[in-house]
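Asks: Below: one structure in C-alpha coordinates.
The values are calculated or read from the model by the stated rules, or taken from the named source; none is laboratory data. What you see is a predicted model, and the numbers here were worked out from it, not measured in a lab. When we count neighbours, we look across all protein chains shown, and the Cβ atoms used for this are built from the backbone with ideal geometry, even at glycine. Protein only, heavy atoms only, side chains kept; ligands, DNA and RNA dropped before computing areas. Shrake-Rupley method; radii C 1.70, N 1.55, O 1.52, S 1.80 Å.
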Amino acid sequence: FYKKLKKGKHPTKIILSGKGGHANSDIRGEADIMFDYLKDRKVPDDVMTKERKSRNTIENAIETYQLLKDVTDMDTLIVITSEFHIYRSKMIFDYVFDMPIKYIGTYTDVSREAYDKLVQNESRLINWLCWNNILENLNF
(Lines give C-alpha, C1' and ligand atoms only; values in the text may rest on other atoms or scores of the structure.)
Protein backbone atom coordinates (compact mmCIF):
# COMPACT_ATOMS: atom_id res chain seq x y z
CA PHE A 1 0.00 0.00 0.00
CA TYR A 2 2.84 2.41 0.84
CA LYS A 3 4.43 1.85 -2.59
CA LYS A 4 1.18 2.93 -4.22
CA LEU A 5 0.94 6.03 -1.98
CA LYS A 6 4.45 7.25 -2.67
CA LYS A 7 3.67 7.48 -6.39
CA GLY A 8 1.34 10.44 -5.67
CA LYS A 9 2.16 14.03 -6.55
CA HIS A 10 2.95 15.04 -2.95
CA PRO A 11 5.27 13.43 -0.43
CA THR A 12 3.70 10.75 1.70
CA LYS A 13 3.51 11.34 5.43
CA ILE A 14 2.17 8.66 7.75
CA ILE A 15 0.86 9.74 11.15
CA LEU A 16 0.76 6.87 13.62
CA SER A 17 -1.66 7.95 16.29
CA GLY A 18 -2.26 6.58 19.73
CA LYS A 19 -0.87 6.28 23.20
CA GLY A 20 -2.95 3.16 23.56
CA GLY A 21 -3.73 1.06 26.54
CA HIS A 22 -7.46 0.52 26.28
CA ALA A 23 -7.54 -2.05 23.46
CA ASN A 24 -3.91 -3.01 23.52
CA SER A 25 -2.32 -5.73 25.63
CA ASP A 26 1.18 -4.69 24.59
CA ILE A 27 3.07 -2.39 26.99
CA ARG A 28 4.01 -0.13 24.06
CA GLY A 29 1.60 2.44 22.72
CA GLU A 30 -0.34 1.97 19.50
CA ALA A 31 1.85 4.46 17.59
CA ASP A 32 4.98 2.49 18.52
CA ILE A 33 3.41 -0.83 17.57
CA MET A 34 2.31 0.51 14.18
CA PHE A 35 5.74 2.11 13.62
CA ASP A 36 7.49 -1.23 14.21
CA TYR A 37 4.99 -3.04 11.99
CA LEU A 38 5.53 -0.63 9.08
CA LYS A 39 9.29 -0.49 9.56
CA ASP A 40 9.39 -4.30 9.33
CA ARG A 41 7.63 -3.88 5.97
CA LYS A 42 10.30 -1.46 4.72
CA VAL A 43 8.40 1.82 5.15
CA PRO A 44 11.12 4.46 5.70
CA ASP A 45 11.35 6.03 9.17
CA ASP A 46 11.38 9.56 7.74
CA VAL A 47 7.83 9.34 6.38
CA MET A 48 6.40 8.19 9.72
CA THR A 49 5.49 10.49 12.60
CA LYS A 50 4.38 9.09 15.94
CA GLU A 51 1.62 10.90 17.79
CA ARG A 52 1.73 9.51 21.32
CA LYS A 53 -0.66 11.78 23.25
CA SER A 54 -4.08 10.51 22.19
CA ARG A 55 -5.94 8.00 24.34
CA ASN A 56 -9.08 7.58 22.21
CA THR A 57 -10.46 8.20 18.73
CA ILE A 58 -11.49 11.80 19.40
CA GLU A 59 -7.99 12.60 20.61
CA ASN A 60 -6.52 10.67 17.63
CA ALA A 61 -8.38 13.02 15.29
CA ILE A 62 -7.56 16.22 17.19
CA GLU A 63 -3.87 15.42 17.69
CA THR A 64 -3.54 14.37 14.04
CA TYR A 65 -5.24 17.62 13.02
CA GLN A 66 -2.76 19.59 15.15
CA LEU A 67 0.13 17.87 13.34
CA LEU A 68 -1.34 18.52 9.88
CA LYS A 69 -3.16 21.86 10.18
CA ASP A 70 -0.32 23.86 8.64
CA VAL A 71 0.36 21.44 5.78
CA THR A 72 -0.67 23.21 2.59
CA ASP A 73 0.11 20.61 -0.07
CA MET A 74 -1.85 17.68 1.32
CA ASP A 75 -4.10 16.20 -1.34
CA THR A 76 -5.17 13.03 0.42
CA LEU A 77 -5.93 12.02 3.98
CA ILE A 78 -6.40 8.31 4.52
CA VAL A 79 -7.51 6.89 7.84
CA ILE A 80 -6.69 3.24 8.38
CA THR A 81 -8.34 1.50 11.31
CA SER A 82 -10.06 -1.73 12.27
CA GLU A 83 -13.05 -2.47 10.04
CA PHE A 84 -15.45 -2.51 13.00
CA HIS A 85 -14.19 0.97 13.95
CA ILE A 86 -14.65 2.69 10.56
CA TYR A 87 -18.07 4.27 11.16
CA ARG A 88 -17.14 5.96 14.46
CA SER A 89 -13.76 7.02 13.09
CA LYS A 90 -15.50 8.53 10.07
CA MET A 91 -17.93 10.46 12.28
CA ILE A 92 -15.09 11.94 14.30
CA PHE A 93 -12.45 12.57 11.61
CA ASP A 94 -15.01 14.06 9.21
CA TYR A 95 -16.04 16.48 11.96
CA VAL A 96 -12.46 17.50 12.82
CA PHE A 97 -11.08 17.71 9.26
CA ASP A 98 -12.69 19.91 6.63
CA MET A 99 -11.54 17.84 3.66
CA PRO A 100 -12.37 14.59 1.89
CA ILE A 101 -11.02 11.56 3.72
CA LYS A 102 -10.64 8.01 2.50
CA TYR A 103 -11.23 5.25 5.07
CA ILE A 104 -9.69 1.79 4.95
CA GLY A 105 -10.73 -0.96 7.33
CA THR A 106 -8.26 -3.64 8.35
CA TYR A 107 -9.06 -7.21 9.28
CA THR A 108 -9.35 -7.91 13.01
CA ASP A 109 -8.13 -11.39 13.88
CA VAL A 110 -10.30 -12.28 16.87
CA SER A 111 -12.97 -14.87 17.60
CA ARG A 112 -16.52 -14.25 16.41
CA GLU A 113 -17.60 -13.70 20.01
CA ALA A 114 -14.86 -11.12 20.61
CA TYR A 115 -15.66 -9.42 17.30
CA ASP A 116 -19.35 -9.17 18.20
CA LYS A 117 -18.40 -7.52 21.51
CA LEU A 118 -16.23 -5.00 19.65
CA VAL A 119 -19.11 -4.16 17.31
CA GLN A 120 -21.51 -3.78 20.25
CA ASN A 121 -19.07 -1.46 21.99
CA GLU A 122 -18.74 0.64 18.82
CA SER A 123 -22.54 0.95 18.63
CA ARG A 124 -22.71 2.02 22.25
CA LEU A 125 -19.98 4.64 21.73
CA ILE A 126 -21.61 6.00 18.56
CA ASN A 127 -24.88 6.41 20.44
CA TRP A 128 -23.03 8.14 23.29
CA LEU A 129 -21.39 10.56 20.83
CA CYS A 130 -24.74 11.42 19.26
CA TRP A 131 -26.88 11.63 22.41
CA ASN A 132 -24.43 13.84 24.23
CA ASN A 133 -23.47 16.13 21.32
CA ILE A 134 -19.84 15.35 22.03
CA LEU A 135 -18.50 16.40 18.62
CA GLU A 136 -20.33 19.73 18.65
CA ASN A 137 -18.64 20.60 21.95
CA LEU A 138 -15.06 19.90 20.90
CA ASN A 139 -12.49 22.67 21.14
CA PHE A 140 -9.38 22.36 18.99
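Asks: Over the Cα atoms, compute the radius of gyration (one decimal) and Dmax (the largest Cα-Cα distance, rounded to a whole number) for the chain, in Å.
Replies: Taking only Cα atoms of the chain, I get Rg and Dmax of 15.4, 44 Å.
Asks: Just the Kirkwood number for region 69-140, please: inverse of mean 1/r across all distinct Cα pairs, in Å, one decimal.
Replies: Numbers: mean 1/r = 0.0724 Å⁻¹.
13.8 Å is the Kirkwood radius here.
Asks: Which residues' amide hydrogens lie under 5 Å from the amide hydrogen of L77, considering only partners 5 or more residues apart or on another chain, with H built in the peptide plane?
Replies: Distant-sequence amide H within range of L77: K102.
Asks: May I ask you to order 76-88, 106-118 by the average number of other C-beta atoms within 10 Å around their residues, highest value first?
Replies: Details: 76-88: 17.1, 106-118: 11.1.
Ranking, from highest mean packing down: 76-88, 106-118.
Asks: Rounded to a whole number, what % of the accessible area of the chain do carbon and sulfur atoms account for, probe 1.4 Å?
Replies: 51 percent
Asks: Roughly how big is the chain's charge dipole about its Cα centre, with Cβ charges of +1 (Lys, Arg) and -1 (Asp, Glu), in debye to the nearest 20? If you can, show how the numbers build up before the last one.
Replies: Working: 22 positive and 21 negative charges, 78 e Å.
Computed about the Cα centre, the dipole is about 380 debye.
Asks: Give the accessible surface of the chain per residue, rounded to a whole number of Å², with probe radius 1.4 Å and ligands, DNA and RNA excluded.
Replies: Details: 9570 Å² over 140 residues.
I get 68 Å² per residue for the chain.
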